[in-house]
């Protein structure tokens with residue numbers, strides 16, 4: 001008996017896409033932040049259009065809630081106190097790899113009666129995940145590798161084509177059908193994702209003790225939010241609850257400073 | 001299933017039927033030079049460490065990379081004049097870079113990799129004498145051992 005678990009139709013990415021859809025008029029895409037500067041009255045953020053980086057632009061607001069992942073934020077000039085600056089630099093990000101493999105037919109269902117679930121291996125691919133949806137519908141995509149640690153770093157050091165090839169090579173030890181049925185593949189190495197430079201923040205008991213409160217505290221007119229500013233690291237839930245908490249604290253601060261609630 | 005695997009399973013969401021297959025024994029990929037087993041980490045040389053680990057971000061030839069932030073170019077990098085700076089960075093990490101000086105028995109939890117002091121010396125020597133860097137001093141494991149190491153294991157999702 002398993003606890004009922006649900007996933008969004010189309011995958012977890014659909015949650016972010018839904019936020020994007022609902023907030024589309026408020027979001028400016030392709031904006032690479034180059035400088036964050038606060039004074040007594042507000043915050044000015046400088047940025048460039050990442051497709052046309054020549055032209056510097058800026059926006060100004062009363063407050064700034066910043067959700068930029070820490071490896072990126074650590075490199076952006078920002079006038080905050082030493083405690084927050086040290087906290088931002090104190091959180092290493094984990095290496096992780098996922099490889100998606102599309103096959104011409106769902107041989108795991110047709111030949112092996114596997115409908116969803118995971119195969120754990122001691123191979124460099126770590127595990128294989130089977131889709132929990134679209135049963136018996138022709139083509140299918142397997143999670144052909146989901147890796148942390150040293151082997152994830154080694155996969156990161158390869159080209160995307162090599163990663164897909166290695167996932168095929170090792171996965172075919174489990175499912176010989178791989179060779180004949182392979183259609184297409186895609187690989188993600190989180191350290192190579194330009195806007196995160198890593199999968200998620202890795203805290204230690206020691207760094208939590210030293211830096212966590214400083215990371216979450218409002219510094220003048222700037223506050224951080226994201227999975228890195230939560231105890232649910234690496235999860236969408238941590239990112240959302242962190243933002244709700246930060247918004248609540250910002251609101252209290254504003255009201256305390258005389259804004260109308 | 002250990003805790004890490006349990007978390008990974010949860011993250012994949014909604015396993016309706018879970019299949020457990022035990023594949024071969026340790027060393028099943030010993031003949032593939034692309035990957036290092038947990039037991040094999042300790043024998044990696046400086047050059048292997050660079051190719052297998054560092055180059056994922058710092059790229060081939062130490063050329064670095066630029067996205068929203070950047071991975072420093074190690075080629076002809078003047079900061080490498082200080083071997084201590086390089087060794088401390090590998091030991092403790094820097095700005096999101098994972099630390100490699102965690103105790104070996106804590107790397108599972110940290111989702112990282114452990115390198116010995118001698119290996120850290122080796123990779124520092126490798127980088128300082130390649131990619132258009134020409135520093136002559138050879139660092140030893142003993143010198144690296146004298147530098148501050150990370151205090152405690154890193155923890156992922158709880």
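Of all residues in segment A:160-187 being without any contact (Cβ under 8 Å) to a residue 60 or more places away in the chain and assigned to a loop (DSSP other than H, G, I, E, B), which is surrounded by the fewest Cβ atoms within 10 Å (Cβ to Cβ)?
Here the residue is A:176.
Applying the selection to segment A:60-80, what residues are without any contact (Cβ under 8 Å) to a residue 40 or more places away in the chain and away from chain B (no Cβ under 14 Å)?
Correct list: A:60, A:61.
Name the residues in segment A:15-67 that are part of a loop (DSSP other than H, G, I, E, B) and under 16 Å from residue B:66 (Cβ atoms), would you?
Across segment A:15-67, the qualifying residues are A:30, A:50, A:51.
Restricting attention to segment B:46-68, which residues are modelled with pLDDT of 95 or more and part of a loop (DSSP other than H, G, I, E, B)?
Correct list: B:59, B:63, B:64.
Return the residues of segment A:109-148 that are part of a loop (DSSP other than H, G, I, E, B) and away from chain B (no Cβ under 11 Å); say none if nothing qualifies. Steps first, answer last, please.
Pass one, segment A:109-148, residues part of a loop (DSSP other than H, G, I, E, B): A:111-116, A:121-126, A:131-139.
Scanning segment A:109-148 gives A:111, A:134, A:136, A:137, A:138, A:139.
From the list B:68, B:113, B:146, pick out the single residue that is closer than 20 Å to residue A:191 by Cβ and either under 13 Å from the mean Cα position of the chain (by Cα) or surrounded by fewer than 18 Cβ atoms within 10 Å (Cβ to Cβ) (or both).
Exactly one of B:68, B:113, B:146 is closer than 20 Å to residue A:191 by Cβ and either under 13 Å from the mean Cα position of the chain (by Cα) or surrounded by fewer than 18 Cβ atoms within 10 Å (Cβ to Cβ) (or both), namely B:113.
If I ask for residues that are within 14 Å of chain B (Cβ to nearest Cβ) and surrounded by fewer than 13 Cβ atoms within 10 Å (Cβ to Cβ), which ones from segment A:237-252 would you list?
Selection gives A:237 alone.
Step by step: first the residues of segment A:81-98, then only those that are in a loop (DSSP other than H, G, I, E, B) and crowded, with 20+ Cβ neighbours inside 10 Å, then the one that is farthest from the other protein chains (Cβ to nearest Cβ). Which residue is that?
In this case the residue turns out to be A:90.
More than 14 Å from every other protein chain (Cβ to nearest Cβ) and either surrounded by 11 or more Cβ atoms within 10 Å (Cβ to Cβ) or within 25 Å of the chain's Cα centre (by Cα) (or both): does that describe residue A:57?
yes
Looking only at segment A:185-202, count every residue that is within 7 Å of another protein chain (Cβ to nearest Cβ) and out of contact with any strand residue (DSSP E or B) (no Cβ under 6 Å at 6 or more places or on another chain) and tell me the total.
The total comes to 4.
For residue A:223, indicate whether it is surrounded by 20 or more Cβ atoms within 10 Å (Cβ to Cβ) and away from chain B (no Cβ under 14 Å).
It is true that residue A:223 is surrounded by 20 or more Cβ atoms within 10 Å (Cβ to Cβ) and away from chain B (no Cβ under 14 Å).
Just to be sure I understand, how many residues within segment A:217-242 are in contact with a strand residue (DSSP E or B) (Cβ under 7 Å, 6 or more places away or on another chain) and part of a helix (DSSP H, G or I)?
Adding up the residues that qualify gives 2.
Can you find even one residue in segment A:99-107 that is at the interface with chain B (Cβ under 8 Å from one of its Cβ atoms) and under 23 Å from the mean Cα position of the chain (by Cα)?
Filtering segment A:99-107 down to residues at the interface with chain B (Cβ under 8 Å from one of its Cβ atoms) leaves none.
Within segment A:99-107 (the criterion being at the interface with chain B (Cβ under 8 Å from one of its Cβ atoms) and under 23 Å from the mean Cα position of the chain (by Cα)), the answer is no, since none of the residues qualifies.
The values are calculated or read from the model by the stated rules, or taken from the named source; none is laboratory data. Please read these numbers as outputs of a predicted model, since none were measured by experiment. Note that we place each Cβ from the backbone using ideal geometry, even for glycine, and neighbour counts take in every protein chain shown.
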